Amino acid sequence: MSLRIVVTVKYVPDATGDRHFADDLTLDREDVDGLLSELDEYAVEQALQIAEAADDAEVTVLTVGPEDAKDALRKALSMGADKAVHVEDDDLHGTDALGTSLVLAKAIEETGYDLVISGMASTDGTMGVVPALLAERLGVPQVTLLSQVSVEGGVVRGRRDGDSASEELEASLPAVVSVTDQSGEARYPSFKGIMAAKKKPVKSLDLDDLGIDADEVGLAGAWSAVDSATERPARTAGTIVKDEGEGGKQLAEFLAGQKFI
Amino acid sequence: MAEVLVFVDHVDGAVRKPTLELLTLARRIGDPVAVAVGAGASATADVLAEHGAVRVLVSEAAEFADYLVVPKVDALQAAHQAVSPAAVLVSSSAEGKEIAARLAVRVGSGIITDAVDVEAGAEGVVATQSVFAASFTTKSRITHGTPVITVKPNSAPVEPVAGAGAVEELAVEFSAAATGTKVLSRTPRESTGRPELTEAAIVVSGGRGVNGAENFAIIEALADSLGAAVGASRAAVDAGWYPHTNQVGQTGKSVSPQLYIANGISGAIQHRAGMQTSKTIVAVNKDAEAPIFDLVDYGVVGDLFAVVPQLTEEINTRKG
C-alpha cells in the first residue's frame, strides 16, 4: 500500500526585497521577486526522507498561487518530489489564510493523501496557522511544529519543542504534520534532479475543479479586511560612538539616562 | 456591556504575563470573561479577578494535558457558545495561534494574528499589526463573525483593576478529533531563572560575533545585570552556540521589549523582523557598516569582548 504524502508549499516574495502594498492593500507582487518559502524546503526534505524510509511512497507538492508559483513547485520537484499540483485562479487574488486553507484542503482531498506536511509558517505572512486549519478542515489529527518526525506502520511520531516544554507526540494516519527549521537541513537540488524535474507532471486545478465558489475566496471572500497600511516612519538617526576604551561606560551612561539602570 | 473572551495561558495555575495584558485590552472593548483550562485552572481565578475578569470559566479535565491543542479548541468553542462574546482574545504563542485559528473556522469567524494593539472602532474591533519586518503598520477588522484576535506579548500594560471574578465550571463536550494526537511525554524546559524571552522588558542578544558557545557567558552576564532575557540570532543558533528556543527573528521568536541590546549581530532582515518593534534598540558591533546601526538609538562600534564586560561591570557598580 503506497504512502501518499502531500507537501503544501508557498511561493513568497523575497523578504530581502522592498515590499509594498498595492492599491487594494494586498501585497504588490509586481515589484518583488518570488521564491519557494525557505521554511517549506524543510517540509519537502522531511517528506522525501519519510518517503525514502517507506517501502512505497509518493510525494506530491501542492501550491495555491499565480502563474509564477510554478517556480516553487519546480524547486520542490528538483529536490525529488514526484509530482505537483498547482491551484491557479484569477478569483484567488487577496485570499486570506482561512480561504487558503479551504482551497488547500479541497485540493488535498482531490489528490488523495495519507500524510500532509507543511512548513511551520510562510516566510511572508508568518501567521503559522495554515497547518492547524488544514487539520481542522480535513478532520484529521494535527501533529505540528515538529523538530523531529518519523512515520512507521501508519503512525506518525514527532517532537514538538514548545515555549515551556518539549512534547513527544503520536497520531494515526491520515494526519497533518508541520515541521520547523530545526527538523534538518534541506537538500540542494542536483543537476540531475533539476533536469528530471522538467519532465515531472504538474497538474493544474482551478476553483471549478475543486467545487469552490469565487465568493468563498479572494479579497471579497476574506473574513478580515485591512483598512489602512502606513509605512513606519524611519527611525531617527541614533547616536553612534566608536569604542576607544570607554565604549561600555558610555553605553552605560546612555542606559542610565533612559532609566534602564 | 458586551463580554470578551480571554483564553488564559497558565502553567499549573500560574498565569503568564501576556494573559494579564490581554485583560487590559479586553476591557477596552467589553467585560473580560476568562477561560482557564487544564490542571490548576481554578487557581488562576484570584489573579484574573485582580486584573478585571468579571467571570472565570474553568475546566480541569485530563484531556487538556493528554492530547494536543484540540481539547482547548473544544473548550473555547463551548465558552463561545455559552457567552456569545463580542471578541475572543488569545495570546500569540505558537499554540495560541493554532487554537484561535481552529476556533475561527468552527464558529465561522475571521481571524487576525499577531496584533500589537486592539481598540473599539465604529465598525467593530480594530486590530493594529506590524507587517513586512515591521516596516508597515496596518489597521484591520474582522468582517465576518466574532473577531478572533491573537495578540503579541508586550502589546499592552498590565493594569490591576478589581473584577468580580466569579468562578464557573465550564461544561466541555470533547469532539471526536480531541483525542487524535496523543502527548506521550512532556519534558518541562529547565528554568534558567531569567525572564521568558517574549515577555521580557529587556532582551540582550548575541550573534555571529560572539564566536562560540562558551562566549555566551558574557552575554548572559550582561543580561543578568539588567534582569533581562537572553536572545540569539539564527547564525548563533545554527552554529549550536545557543538553544533554538532563544532564537530571535523570522523563524524564531518575535520580541518587543522596552530595550533590545544586539551584540555581534549584523542585523539581516530576518533578524530585524523579530526585534524591530523594540522600543529602544542598542547595538555593539565591530563593523561600522552593519545594517543593525540603521535601527539603533545608541550604537557602539567596537569589539564586544571589550565593550560588553565593561558595560556589565559599570551596570553592576551603579546598582551598588
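All of the numbers you see were taken from the coordinates with simple rules; none came from a lab. In this text, all values refer to a predicted model and were calculated from it rather than measured experimentally. As a convention, Cβ positions derive from the backbone with ideal geometry for all residues, glycine included, and neighbour counts pool all protein chains shown.
Straight-line reach from A:K192: which lysines have a Cα under 18 Å away, not including same-chain ones fewer than 8 places off?
A:K75, A:K83, A:K200
How would region B:155-264 be classified by its alpha-carbon gyration tensor: rounded, prolate or oblate, with rounded meaning a/c under 1.5 and the a/b versus b/c comparison settling the rest? Don't jump to the answer; show the numbers that get you there.
Details: a/c = 2.77, a/b = 1.56, b/c = 1.78.
Oblate, since a/c reaches 1.5 and b/c is not below a/b.
What list of whole percents do you get for P(r) of region A:105-261, with Cα-Cα distances grouped in 5 Å bins up to the one holding the largest distance?
Pairs per bin, as whole percents: 2, 6, 10, 11, 12, 12, 10, 10, 8, 5, 5, 5, 3, 0.
To the nearest 20 Debye, how big is the dipole of the protein assembly as shown about its Cα centre, given +1 on the beta carbon of each Lys and Arg and -1 on that of each Asp and Glu? Please list the in-between numbers first.
Working: 48 positive and 85 negative charges, 196 e Å.
Approximately 940 debye in magnitude.
List the aspartates and glutamates whose alpha-carbon lies under 18 Å from that of B:K319, not counting same-chain residues fewer than 8 positions away?
A:E253, B:E220, B:D224
Could you state the angle between the C-alpha long axis of helix A:38-53 and the longest principal axis of the C-alpha atoms of chain A, as a value from 0 to 90 degrees rounded to the nearest 10?
With rounding to tens, the tilt is 40 degrees.
What is the magnitude of the charge dipole of chain B about its Cα centre, with +1 placed on the Cβ of each Lys and Arg, -1 on the Cβ of each Asp and Glu, and no other charges, expressed in debye to the nearest 20?
520 debye
In a Gaussian network model over chain B where Cα atoms closer than 10 Å are linked, find which of B:A164, B:A232, B:A36 has the largest mean-square fluctuation.
Of B:A164, B:A232, B:A36, the Gaussian network model singles out B:A164 as fluctuating most.
Take every Cα pair under 8 Å in chain B that's 6+ residues apart, average their separations, divide by the length, and report that relative contact order as a whole percent. Kindly include the intermediate steps, with their values, before the conclusion.
On the way: 753 pairs, mean separation 48.2, N = 320.
That works out to 15 percent.
R0 = 45 Å: FRET efficiency of A:D208 with A:D56, Cβ-based, nearest 0.05? Intermediate results must be reported in sequence, preceding the final value.
On the way: r = 33 Å, r/R0 = 0.73.
The value I calculate is 0.85.
Along the positive direction of the dipole of region A:133-261 (beta-carbon charges: Lys, Arg +1; Asp, Glu -1; about the Cα centre), which of A:S172, A:A196, A:V140 reaches farthest?
A:A196
May I ask you to derive the relative contact order of chain A, considering only C-alpha pairs under 8 Å and at least 6 residues apart, and to give it as an integer percent?
Values: 502 pairs, mean separation 59.1, N = 261.
Dividing the mean separation by the residue count of chain A yields 23 percent.
For A:K259, list the aspartates and glutamates whose Cα falls under 15 Å from its own Cα; do not include residues on the same chain fewer than 8 positions away.
Result set, ordered by chain and number: B:D297, B:E314.
Taking the Cα centre of region B:174-290 as origin and charging only Cβ (+1 Lys, Arg; -1 Asp, Glu), how large is the dipole, in debye to the nearest 20?
Numbers: 10 positive and 9 negative charges, 72 e Å.
Rounded to the nearest 20 debye, it is 340 debye.
Once you list every other residue whose beta carbon is under 9 Å from the beta carbon of B:V126, what net charge do they have if Lys and Arg are +1 and Asp and Glu are -1?
On the way: positive: B:K139, B:R141; negative: A:D227, B:D117, B:E119, B:E123.
That works out to -2.
Return a whole-number percent for the relative contact order of region B:248-304, with Cα pairs under 8 Å and 6 or more residues apart as the contact set. Intermediate values should be presented prior to the final figure.
On the way: 116 pairs, mean separation 19.7, N = 57.
Relative contact order here is 34 percent.
For the protein assembly as shown, what does the alpha-carbon gyration tensor say about shape, rounded, prolate or oblate, given a ≥ b ≥ c as the root eigenvalues, a/c under 1.5 as rounded, and a/b over b/c as prolate? Can you show the working numbers first?
Details: a/c = 1.56, a/b = 1.19, b/c = 1.31.
It comes out oblate by the Cα gyration axes.
Grab the DSSP H runs of chain B that are 4 residues or longer, score each as -39,500 (n - 2.57), total them, divide by all residues and round the 222 nm result to the nearest 500 deg cm²/dmol. Could the numbers behind the result be given before it?
On the way: 9 runs with 90 residues, N = 320.
Dividing the helical sum by the residues of chain B leaves -8500 deg cm²/dmol.
Where does each of A:T63, B:T146 land when they are ranked from fewest to most other beta-carbon atoms within 10 angstrom? Present the calculation step by step, with values, prior to reporting the outcome.
On the way: A:T63 27, B:T146 23.
Fewest-to-most ranking of A:T63, B:T146: B:T146, A:T63.
Testing the spin-label approximation: label points 7 Å from Cα along Cα→Cβ at B:R28 and B:F174. State their distance in nm.
In this crude label model, B:R28 to B:F174 measures out at 3.7 nm.
I need the shape label for region B:2-125. Rule: rounded when a/c is under 1.5, else prolate if a/b > b/c, else oblate, with a, b, c from the alpha carbon gyration tensor.
Values: a/c = 1.60, a/b = 1.20, b/c = 1.33.
Cα axes put region B:2-125 in the oblate bin.
Helix-derived [θ] at 222 nm for chain A: sum -39500 (n - 2.57) over DSSP H runs of at least 4, divide by residue count, nearest 500? It would help to have the intermediate numbers written out before the result.
On the way: 8 runs with 76 residues, N = 261.
It lands at -8500 deg cm²/dmol.
So how far apart, in nm, are the two label points at B:T317 and A:T111 if each is 7 Å from Cα heading toward Cβ?
6.3 nm
Report the residue, chosen from A:E109, A:E244, A:E167, that carries the largest GNM mean-square fluctuation when chain A is represented by alpha-carbon nodes joined by springs under 10 Å.
Greatest mean-square fluctuation among the candidates belongs to A:E244.
Mind checking which of B:V6, B:N263, B:P157 is farthest towards the positive end of chain B's charge dipole, using Cβ charges of +1 (Lys, Arg) and -1 (Asp, Glu) about the Cα centre?
Positive-most Cα among the choices belongs to B:N263.
Under 10 Å, Cα contacts only: if you run a Gaussian network model on chain A, which one of A:A72, A:A222, A:A237 comes out with the highest mean-square fluctuation?
Largest GNM mean-square fluctuation: A:A237.
Would you calculate the separation in nanometres between label points at A:K198 and A:E67, each defined as 7 Å from the Cα along the Cα-to-beta-carbon direction?
Spacing of the two 7 Å Cα→Cβ label points: 2.0 nm.
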